[in-house]
Every structure is written in structure tokens, then in C-alpha cells.
Amino acid sequence: MSLPYDLRYSARSLLKHPGFVITIILILALGIGANTAIFSVVNAVLIRPLPYEAPERICMIWETNQSKNIKRSIVSPANFLDWKEQNHVFDSLAAFRFWFFTVTGGGNPQRYQGARVSASFFPLLGIQPALGRNFQPEEEQVGRDHVVILDHGVWQTRFGGDQNVLGQSMVIDGEPFTIIGVLPASFRFTRVLNGELVLWMPMAFKQEQLTREDHSIITYARLKPGVTLSQAQEEMNSITQRLAETYPKTNAGWGAQVNNLQDQAIQPIKPTLLILLVVVGFVLLIACANIANLLLARTTARQKDIAIHLALGSSQFRLIRLLLVESLMLSLAGGVAGLVLAYWGINVLDAILPENKVPHLERFGLDLKVLGFTLVISVIVGVIVGLIPGLRAHRFNLSDTLKEGGRSGSETAGGRRLRSVLVVLEVALTVPLLISAALMLKSSFLLQNINRGIDLKNVLTMQTSLPKAKYSTPQQTAAFYHQVLQRIQVEPGVQSVSAVNFIPLTNLGDATAVTIEGGAPPPPGEKLTVSYRVIDQNYFSTLAIPLLRGRQFTDQDNNETHGTVIINQTMARRYWPNEDALGKRLQPQFPPAKLPWRPESSNAWLDIVGVVADVKDDTTSDETVPEMYLPYLQNPSSLMNFLVRSTGDPLRLAQSVRAQVLAVDGDQPVYNIKTMEDVLGEAVAEPWVVTSLLSTFASIALVLAAIGVYGVIAYSVVQRKHEIGVRMALGARKRHVLKLIVGHGLKLILIGVVIGLVAAFAATRVISNQLYGVTATDPTIFAFVSLLLVAVAVLASYLPARRALEIDPIIALRNE
């Protein structure tokens, strides 16, 4: 008989049992859909090549310093220029620096993210503008760098897709720039702060920036054809060694590290994605075990049909083929249903996975590779779950099965053992998933509720940055923020207002080398580096940060008085362990690059006037680092964040605060408007996303395991209907029957739990570095999950057991 016959026969057979078919398709849809959705992320992040010309030849070069324990640092412009001139392994090198830009004219001022890049940047990527041209080398000179290339999106939104946009002028940061190009719609580059880069300008190095102490640019490179990454690394080692000998004061100990661009981008997230891929693989295995159990039950119920086929001369291969065709039809239907679930799941993943944590230049989607993956696993599942009942079918006793008086559909002892083993397997696979999810949930809860040393409730934050063209002196910058803060303070509903260059909990910030008067000198070649923030005098009161000793800043801490500084408790303990830090002096050594968030300070030595409690800025731990606070009136920063504590809902103040900023300067937009509670939520978003996904898949596994236990016990009740009838006829009480059936399910669960616990002890080590405040072998979690599974087993066994209690012994015996 031919394959078309098998297809018609299987289709007719399945259509007679629509409930059975729908159950299997739904189970498969869960398993295959979860795998497809996660694989779409893995494909986009780990497999799909970057959308640039010969992306395997594109690298990033970082500076390193083992003596200072610096594994990766951005590059100093002077070193970059030397690398560019002295290397023989790269076709080109390009410099990149992220930047904020304020665009005025044509309506309200708008804030855009963009970058300054060297003229070689777009050619290095193999990108040619859709309109206009790339930057020219001469536009890297100061005074000739007032040109801009637009992202396709901002060209559409701000200029309406005007084909005559080239040559038009834009006022950016208070200065005119000429539009020379528009990037193609297909161009994608790494998002920064989870935002698109839409304005691109040439990087012109000012003389004061050409210092080897200023590490301020990111460096990209393209390998020459035939040059390997190791050869490039050897070349850079030679160049950095020569530079260290030539400039021992600044370059001693500094080296370079060459990384493939894609490998570097995926390195932080790769372990997490592979863990999720393994997790959904476990879910699929549990689904397969479930379906194999259902098909075994169906095969047992069809013993007479199968026996007739065998009696009429069908071979074992012919029988297996028939059952394989049936299982493949089911698995392919489940694969189609899984694609529907995956399509929805992919959209959810695309929305909840931040691009700055999970780098992907394009949306996750069902491309040919993902569709091929779904087809392959559907076929594999169909073959596996079809072979199990197929290999069992030929073991039926034909004479017993074909006896007219024999009990139809009775299962052999081997069949019962196999079904029990499959249930044990489901439970054993579910245990490590549930324990891992529970560990992550506990860790995320603890992380969310760390006492961070600040009061986040009812605090609104928004950011602004002043252009140097308009605010050319530190006094002008300080005066702007002073006026705005005074105006916001008198707004109705404002309890307190402050300003800071970097708000807490964002994992952003800056650090500077400092010299401590009278302190022990650092080791040779090293500098004492301390994190810092530029704040106004109300910062500590606005965020409820306790002042431990000394005083807060006042309006008298301005550019006409001696420099002052406040330090945190960790810094005081570390550098003045046995004495009072108040009155001591230190000297910051800010790098020369005029970045918007760096203060412009004319003070040399700063007096420590206060010590405040620590703030736990690192959202992944409760550790604190030495930190100092500088008054903005003495150290003006172009980029500042307003912090407004309100008496009610802080978002209601957003418009009034924006109005006060515009009242002082109508060309200054505010952006990044959010509450401090939202800031914390974004900071811990990555562990919460991983926890949510892991919990979702673990919950699916638990449901499938419960279905598996229920199915085995329910089928066992049907198979043992005669036995139960005999027991009840002989006087067995209902509680004894209940104990018999529930005990069988509980036994399977306990065996699976024991095996799963052993597996979990090994599996949870993989996520140990992602846990906070909880160990990978937390006994309470292990105990809780074990009890949960036992409870699920009792419930899943109790429901069919209740049905067994309703069996009429006389009817059961008569039917047999």
C-alpha cells in the first residue's frame, strides 16, 4: 500500500477523535511555539550576520591596562591617530563618539541622539547614503565640520521626505549645519541608551583633545582581506609597545585588544540566550513525553485494529510507517499552531527585550531560517513520538487480541512501565526549570527591594543639555540652572527640586583621578580614581540622603569661593579610616575632553565639607564605591537632570517644569521624562525579563507535567476498571481505592522529583552568577518546588481517582 493511502487512512482515523487531535496540537503548539520564539531571538542576535559589507572583517579596538585592572577602555584620540598611521593590517580605522544634539527652528526645540564619527566610518561599514554623500577627510578639521548626515527616519519626520533636503541648513546646538546626506532606510546601527542615532556629524579633534590621557572615543576597524584577528592583535601589540616606549609617562602599561564586532556585541547576552534555548528545549521534551504517552494510550486502544493489520500480512515496517505518518501529521499541525503562538511571542519579546541589553539591529521575525528550524523540530518530534508506539505495537499478542471474548485495549506490563517512565521523565525535567525560575524570582524580588539609600517615591526626573555655542562660559551654564531651579521650586505641588548630571540607579556616570592631600600615594603608574556627581545644594534633601557629618552645599559655594566637595561614607572610611575626613583636601584631575557631563572647574584643591550616607547605584548588587559630590555653581556641567519631589503624582508636574525651562530659554528642550521609580524599573529590567521568561516556560512545563500525570492515572483507571470492580465487590472501601490510585501517581512524582533535584543541583550552577541574595542551592526553594510538585501530583491523581470511586462493580464485571 502507498503513502497516499497511509495519509488518507491516518486523516480519517484522526478525524474520528477531534478532542484527542486538538489536545495533541495544543501541547505541540506550546512546545514548538516556545522554541520558535526563542530561536528567532537567537537567530537575530547570535546567528544572523550584521547588515554591513563583509561584517566578519569589522572589529572594535579597545585600550587595556593590566596594572590598573582595566580590561577594556575607550581610546585616546592621540593613540587612535598613531594606530591609524602605523598599522599594516587594517584597511581603515574609524572613530566614534556618542552625542546629544538639540535642534531648534521650525517649532519646539527637539532633542536627538547621534554621533560624531571620522570620515572613514560609513565607508568602513560599507554604507553609502541614499541621498547625497559621505563625509570627506577635510571635514574632520575644526571649522569645516559643520555638516550633517540624517537618518532616514528623521528625514521623513522632520523634512517630510523632501528630495531637495540636501544643502538645507539645520540649527544644531545653536550653530548652523549643512545637510549633505540621508542614510538608506535599511541602515541600522547599535542603539545607545535604547534610542536610535539619527544625526551624524564629522569628528574634528581640537588641539586640547589630542592628549593621550583623554580616553574618549570608540574605535572601529576593518581588517584587510586575508588578515586574521590574531595577526591584527599581534600588530597592535607591537604598536602599543612602541608607543609605551615613546611616551612612557602616558602610555606605560597600556595595550590594545582587537575584538570581532559581532562576537563582542553578543558576548554579554550569549550565555543567557543559550540558557533560554536549553529551557525551551526541556519544555519541548516534556511535551514530547506527554504526546508519546497519549499516542501509547491510543495505540493500546487500537489493539484490535492493529492486530487485524498484522493478521492480514502487514509487516512491522508497514505498521511503523502508518503510525509515523499519523504522528507526523499531528506534529506538522502542531508546528503550524506553534508558528501562530510564536508570532505573538516574538512581538512580545521584541517589545520587552531592550536593545541595549539584547543587541539586535532588526526586529525579531519569522524569516526562512526560523521557519526551517520550526519545520525540522516538527519533523523530529513527529518521528520520535511516532516511533515509541510504533515499536510497541508489534508486541501485541494476536491470538489474545483477536479473541472475541478477550478484553479489548488491555495494556501489557511493559507498556505500563514505559508510560510511567515517560511521566517520571516529565517531572524530572520540570524540577530544574521550576527551581531555576523560583531562584530567579526570589533574586529579582530581593534586588528590587534593596535599601538603596534614597527615597524614590514621588520624584520626577527630566534632562537637558546646554549647547556650547550659546553657553560658552561656566558662569552662563551655572546661571541657567540656577534660574530654572528657582522657578521650579515655587511651582504648586513641588516639595523640593534639585539637579544632578547623572541620576542614581542608571549605571551611568563618570570618574576622575584624584590626589589626596597627606594621603598614602597610590602604587607607581596608578592613579586614585573616584566616581563623582555634580549637584545643586538641594540634592541630598530631595532624595532623602542623610548627611552624616558636616554641612550641605549652599549658594555661597560658588565660583568666587574656595572649592568644596562632599564625599560618601565609603570614601571616608577607605581613605581616612582612622580619622575624620572633614577639613581634608583632595584635587580632582578631570580629563581635558569637553564632554557635556564633565564639569568645568577652575578649583585646584577642594575642602571636604560634608560626609553623606552611601547610595547603592549598582542595580545588580548592594555594593558601594567611593564617590564625591561637587557643587554645580563651582563645577558647571552642560548636561543636567532635574529631580522634582512632588506632593502627589510627579508626572503631573512634567508640563509645568518644561514650561519653566522654556521660560528661561525657549530653545532648550527637556527629555527623558520619567519618575525615579521608572528609572529603577528600567535598571532591573534585564533580570526581570529573564525571570519572566524562565517563569513562563517553567509554568508551561508544570502544566504539561500535570497533564502527563493526569493522563497516566486516568488511563490507568480505565485499564484497571475490572480490577477496581473486583476490589469493590470484595468489600474494598472507597478510601482504599483512592489511596491505591493517588498513591500510584504520587510514587511516579516522587521518583521524578528525586531525579530532578539531583539534576537541579547541577543545572542551577549555570545561573548562579545572575542571582542576588540567594544561593544556587537555596534549601527553601528546593523544598518549596518539591512540595509544589507533590501537591500537583496529588491533585492530578485525585481527579481520575474520584471517577474510579463512581464505578459500579456489577456493571464493571458484567462488561468484562
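The values are calculated or read from the model by the stated rules, or taken from the named source; none is laboratory data. Fair warning: this is a prediction, and the values are worked out from it, not measured in the lab. For neighbour counting, all protein chains shown are included, and Cβ atoms are generated from backbone atoms with ideal geometry for every residue, glycine included.
Okay, here's what the table says:
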quantity	calculated
In region 34-77, the residues that are under 30 Å from THR211 (Cα atoms) and surrounded by fewer than 19 Cβ atoms within 10 Å (Cβ to Cβ)	THR64, ASN65, GLN66, SER67, LYS68, ASN69, ILE70, LYS71, ARG72, SER73, ILE74
Filtered residues of region 103-118 (kept if outside any strand (DSSP E or B) and buried (at least 19 other Cβ atoms within 10 Å of the Cβ))	PRO109, SER118
Hits in region 399-457 (condition: under 30 Å from ASP649 (Cα atoms) and either within 20 Å of the chain's Cα centre (by Cα) or modelled with pLDDT under 80 (or both))	LEU441, LYS442, SER443, SER444, PHE445, LEU446, LEU447, GLN448, ASN449
Positions within region 564-579 being modelled with pLDDT of 90 or more and either in a loop (DSSP other than H, G, I, E, B) or among the hydroxyl-bearing types (Ser, Thr, Tyr) (or both), in sequence order	THR564, THR570
Top-ranked residue of region 580-590 - restricted to ones that are hydrophobic (A, V, I, L, M, F, W, C) and either more than 11 Å from GLU517 (Cα to Cα) or touching a helix residue (DSSP H, G or I) at 6+ places or on another chain (Cβ under 6 Å) (or both), ranked as modelled with the highest pLDDT	LEU582
Any hit, region 138-147, residues being at pLDDT below 95 and more than 26 Å from LEU466 (Cα to Cα)	yes
Sole exception among (1) of a type in the set (Gly, Ala, Ser); (2) under 26 Å from THR554 (Cβ atoms); (3) under 33 Å from the mean Cα position of the chain (by Cα) for GLY648, by number	(2)
Helices (runs of 4 or more DSSP H) contained in region 223-301 and holding at least 3 residues over 30 Å from the mean Cα position of the chain (by Cα) and crowded, with 16+ Cβ neighbours inside 10 Å	229-246, 270-301
Candidate set: region 189-219, residues that are under 22 Å from GLY253 (Cα atoms) and among the hydroxyl-bearing types (Ser, Thr, Tyr); chosen: the one modelled with the highest pLDDT	THR219
Subset of region 124-164 (residues that are of a type outside the set (Gly, Ala, Ser), in contact with an Asp or Glu (Cβ under 9 Å, 6 or more places away or on another chain) and either within 17 Å of ALA185 (Cα to Cα) or not assigned by TED's automatic domain parsing to the domain that holds GLY195 (or both))	LEU125, ILE127, ASP151, VAL154, TRP155
Scope region 722-780; condition at pLDDT 70 or above, among the charged types (D, E, K, R) and farther than 23 Å from LEU693 by Cβ; matching residues	LYS739, LYS747
Qualifying residue in region 371-389 (condition: in contact with a Pro (Cβ under 9 Å, 6 or more places away or on another chain), modelled with pLDDT under 85 and surrounded by fewer than 18 Cβ atoms within 10 Å (Cβ to Cβ))	no
Residues of region 440-460 classified as among the charged types (D, E, K, R) and loosely packed, with under 15 Cβ neighbours inside 10 Å, total	2
Yes/no for ALA499 being assigned to a helix (DSSP H, G or I) and small (Gly, Ala, Ser)	no
Boolean, VAL703 is crowded, with 20+ Cβ neighbours inside 10 Å and either touching a residue at least 40 places away in the same chain (Cβ under 8 Å) or assigned to a helix (DSSP H, G or I) (or both)	no
Extreme residue, farthest from VAL497 (Cα to Cα), among residues of region 537-554 that are part of a loop (DSSP other than H, G, I, E, B) and of a type outside the set (S, T, N, Q)	ARG551
Residue tally, condition within 16 Å of ILE127 (Cβ to Cβ) and surrounded by 14 or more Cβ atoms within 10 Å (Cβ to Cβ), over region 155-201	15
Answer residue from region 138-154, given it is touching a residue at least 40 places away in the same chain (Cβ under 8 Å) and farther than 16 Å from ARG116 by Cβ and is surrounded by the fewest Cβ atoms within 10 Å (Cβ to Cβ) among those	GLY153
Residues of region 488-517 classified as surrounded by 17 or more Cβ atoms within 10 Å (Cβ to Cβ), of a type in the set (S, T, N, Q) and in contact with a strand residue (DSSP E or B) (Cβ under 6 Å, 6 or more places away or on another chain), total	4
